[in-house]
Structure formats: structure tokens, C-alpha cells
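Working notes for the structure below.
The values are calculated or read from the model by the stated rules, or taken from the named source; none is laboratory data. Treat the numbers as computed from the prediction; the structure is a model and nothing was measured. Here the Cβ is made from the backbone with ideal geometry for all residues, glycine too, and neighbour counts use every protein chain on show.
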Amino acid sequence: MIIAATLAIFVAMILAIIRGIAGPTLYDRILAVNMFGTKTVLLISLLGFVMGRPEFLDIAIVYALINFISVIGVLRYSDSNEFKHTPANKESTEKEP
Amino acid sequence: MDIVINISSGLCLFVGSFLCLCGGVGMLRFPDFYTRMHAAGVTDTLGSAMILIGLMIISTGFLVFIKLVMILLLGILIGPTTSHVLAKAALHNGLEPLLGHQEEADNKETTSSNP
Amino acid sequence: MINIVILTLLVVIAIAIIRMKDLFAVVMLLGIYGLLSASFFVAMDAVDVAFTEAAVGAGISTLLMLVVISMTGRREITTRHKPLSALLVVAITGFLLIYGTLDMPYFGAADAPIHGHVAPRYINDSMQEIGVPNIVTSVLASYRAFDTFGEVVVIFTAGIGVLALLSVARRPEDPEQITVINDSMHKQHLVIRIVVKILIPFILLFALYVQFHGDFGPGGGFQAGVIFAAAIILYTMLFGLSTARTVINQSFIRLTAAIGVLVYGSVGLATLLSGGNFFDYDVLVNDPIAGQHLGILFIELGVGCTVAAVMIIIFFSFAARREIQLNNKNKESSSC
């Protein structure tokens, strides 16, 4: 059962990466990276149980914190003018393939 | 007793992985950023909570159990906060949500609408 | 099998990083690159290294790069000339390096010298000689303590370099202006501030746990220092640089960085004065095992202090420069 859960989490990670590559706006990509990070925390915990080494849970805690701090950092330092999402900006990003 | 533990843990793991898969599919199929964030935020938090509860039931020692409880509390606190911060930043920087079909034509005609 | 998949993904992401012109996407891809490297180390069963890579590569580096591109701009300026001579030099050097590694034994071969003499000595004798369950910590902190001393001095030198290049003489801000900035940020970031106020003590406690649990599981001084610095950086990002400077004094942080290196060096000096070799912890107290434990405790403390202080110094310098640039822009736009 744990192995089936690991495979399911892996598939969810691949779906998140697809959205991360194809997301039309910047915020879709940030959301995809955040979801990828949360799924990684789960993957590390499950792998720790599968391989019989519970030390991996320390890495899972650290990665949850690092994921959170990175998203906060991204949103705090994207306040400048270049990240403003004007409608002209939106049309130009939708025209790109 | 053993079989009760195994079955309940398997059930929690199954529900959790089903929710995570739904979240992944929702990320691909929903039309707008704000709806995708519903999919990602809700299913992320509840799915990871279910998976961690399933692992807690079959955990092998006291320290492992405590660490899983800590990851669970951290996940429950961080997940909704990240959704809120993302949505607020996107709205503050001008990303407009996609509204219903009848008002979509009005939104396309007037570029600076704010319902 | 999984190694090939991860390595292929690493190569794909590296090519994407080089070819993309949008620097923000490049920073995100660098974060994912650090995460993939950490998984690669986990797949190779090197848990300590994966820990450090996840904390530094996917966390602190991404934050520092974000501060930088918020200052410099989001597009990469394309160069006009094609650097063909540079390409030739790089290709020749790379070819010579690869040719040099053909003589080395294969990765993991059983008859390599390192697997014949060095590794069995560490694996067999580490528990009796040092008494610490985590072999990585015993190798890093006791058998190769001199190399770790070099690493700590390198980190300290990086901190001094950043201070020499980027430090700004600040006049002390009046408390009224600090409360004005604080109140405006409070209105803007209300929810996240309260959540972070709950989280930061736990992150600091977790850093202390990682520091002292390094003898028994993955952890140690480097990882603990990075996590500690990450907590302080989180506080600085959300409460403003001025408030963070009144909470954490600048001179205290610089003093801590120096004290970490000094503690490490003075453990070596104490072993010399007690009659043993440099960093030979057996002579510190009467019992050799207790001496090893005491020595490892002190040098991990020194490493943790220096790493945390240097990361905080680097982030504060970057953030101070960014604040000055924003102030200059505001003054220009308000005076025009």
C-alpha cells in the first residue's frame, strides 16, 4: 500500500511539473513549484518508510520549512514594477506558445 | 489487532493518495489561476494530512511518531497560509479572476472593469 | 535506474537554465535543480549531504538570487559577440580533465585504494575510538577535523568578503520611522505575520535539535547554522530590515562569526597545550572517549555559530543595498 501511495505522489508531482512548464502566467508557475515542494515532503516521508530508515523525516521537516520560506521570499521580492500584471502584459504572455 | 492497524492505515493512505491525484488533475484542467489554487491548496493540505495519519498508525517508534505529528502540524499551518499569500499577491499585482460566461463578454469589451 | 533518470533531468534543467532569458524562471529552475541534487544524494544513501543541499541549495541560494534580481532586473542582456575563443579554451580544458579521470578506478570498485585501507578503518574502528554512532560526523569532526577547520575559515572569509564589498555605513534610524514602516507592513501582511510569529520559535528550536542530534542522526553544525539563519531571514523579510537590526545587533553578529572560528581553533590549541597532536581530542580529559565527545561538541558549536552568522551577514548586506536602491528610486520619482 505504501508503494502504491508513493507512485500516486510521483504521478501528482509530474502533473505539477507539467503545469509549471505550461502555466501562462507567472503565478501559475509559483503555485506549481509550491505544490511540487509539498509533494516532495510526502515523497521523502514515504520513501523513508519504504526503505526502513526513519532518519529521512528530518529532511522532510527541513524541506517543508524551506519550501515555505522560498514561496514567502518569492512573493515578498516580486513587488517591483516588472512583476505587475497589466492587461497588456497578459495578452503578450498569452500570445506566446 | 494487527489487521485492524494495517487496514486503517491502508485506508488512510488510499484516501490521501486519491486526494493528491485529484489535486494534480485539477491543476491541469481548471481554467484560471484562482481556481487552480483551490485545487492545489485544498487537496494538498487534506491529502498530506491523510497520508501522514496513515503513516502514524504504522509508525515504529515514539520519536518517529512525534516527528510525523510535527510534519502534520507544520503542513496544516503552512498550507492555507501559502494559498492566502499567493492569492493576495496575485490580486495586488493585477491578475484578474476569470468570471462567469455572461460577464466574460462585458469584461473583454471594457478592459478596466472591476465588479 | 533511478540514477539515470535523475541525472537526465539534471542535464535537461541545466540546458534550460542556460538557454532561458527570463531570470526569474532561471531562479525557480535553480531551486528545482538543488532539490533534484538532494534527491540524487538520497538515492545514493548520503543523507547528511542531502540535508545540507536541501537547506542551502534550494533555500538560501534561491532567496539571495531573488533579492539580486529584484535589484538588477528581470531580463538578461544578450551579448553581441560570439565568444568562440572562450569556447575553445573551455572545450580543451574539459577534454583534458576528462582524460585525466580515465586513470582513476571505477566508482565503487572493490579494489580501489580508498576501499582497501581508508574506508574499512573508519567503518570498523569508529565506534571504539570515538564512540559516536554517526560515522559521517566522526569522520568530519574528528578524523578530518583539520579539513573542516579549513572549511569554516573559508566560510568566514566569504563573510568578510561580502562585508568588505557590500557593507554600507548606516545612520541609526529614529524609532518613529521604524514604527511607521512596521505599521504599514503590518496592514499589508497581517495574516502571514501572525503565522510566522508562531512558527519562528519552532524553527529555532529545530535548528538547536539538528545541531545536537548530529551525533546520532543526520545533522551537525552546518545544517543547524543554515536553518537558524533561515529563521532569521524569514523574520527580516516580513518585519523589515530596520526592525530586524534592532532585534539582532550588527556588531553582535560579526562577533559571533569570529567567535565561532576562534572556538574551533582554540580546541586545537588546547589539545596542543595538553600534549597531543593538533585536534587530537584524546588528551583533553582523562578518558579518551569523553575527550572525543567534548571535542566534537565544541567544534560543532563553533561551526554552527560561524555558518549562521555568515549567512545572516550576507543576507543583511544584500537587503541593505536593495533598500538604498529603492530609497534612491523613490527620491528620484518624487523630485521629478
>> Just the residues that are under 27 Å from the mean Cα position of the chain (by Cα) and free of Cβ contacts under 8 Å to residues at least 60 places away in the same chain, please, taken from region C:127-146.
In response: C:135, C:139, C:143, C:144
>> What pairs come out if I take residues in region C:151-163 that are acidic (Asp, Glu) and pair them with residues that are surrounded by fewer than 20 Cβ atoms within 10 Å (Cβ to Cβ) and not in a helix (DSSP H, G or I) whose C-beta lies under 7 Å away, six or more apart or interchain?
In response: none
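Run down C:118, C:47, C:12, C:5 and say which single residue is surrounded by 15 or more Cβ atoms within 10 Å (Cβ to Cβ) and either touching a Leu at 6+ places or on another chain (Cβ under 8 Å) or not assigned by TED's automatic domain parsing to the domain that holds residue C:315 (or both).
Matching residue, one of C:118, C:47, C:12, C:5: C:47.
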> For region C:211-228, how many residues are within 12 Å of chain A (Cβ to nearest Cβ), on the phi < 0 side of the Ramachandran plot and either aromatic (Phe, Trp, Tyr) or in a loop (DSSP other than H, G, I, E, B) (or both)?
Replying inline: 4
>> Which of the numbered conditions does residue B:14 fail, given that it passes all the others? Conditions: (1) farther than 29 Å from residue A:26 by Cα; (2) of a type in the set (A, V, I, L, M, F, W, C); (3) over 18 Å from the mean Cα position of the chain (by Cα).
In response: (3)
> Of all residues in region B:54-74, how many are within 8 Å of another protein chain (Cβ to nearest Cβ) and farther than 23 Å from residue A:52 by Cβ?
Replying inline: 1
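Identify all residues within region B:78-92 that are surrounded by fewer than 17 Cβ atoms within 10 Å (Cβ to Cβ) and in contact with a helix residue (DSSP H, G or I) (Cβ under 7 Å, 6 or more places away or on another chain); write none if there are none. Break it down stepwise before answering.
First, the residues of region B:78-92 that are surrounded by fewer than 17 Cβ atoms within 10 Å (Cβ to Cβ): B:80, B:84, B:88, B:91-92.
Hits for region B:78-92 are B:80, B:84.
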>> Which of the helices (runs of 4 or more DSSP H) found entirely inside region C:62-173 contain at least 1 residues meeting this: out of contact with any helix residue (DSSP H, G or I) (no Cβ under 6 Å at 6 or more places or on another chain)?
In response: C:84-101, C:119-129, C:145-166
>> Between a residue in region A:21-49 that is more than 9 Å from chain B (Cβ to nearest Cβ) and closer than 22 Å to residue B:98 by Cα and any residue that is modelled with pLDDT of 90 or more and crowded, with 24+ Cβ neighbours inside 10 Å, which pairs come within a Cβ distance under 8 Å, given they are 6 or more apart or on different chains?
In response: none
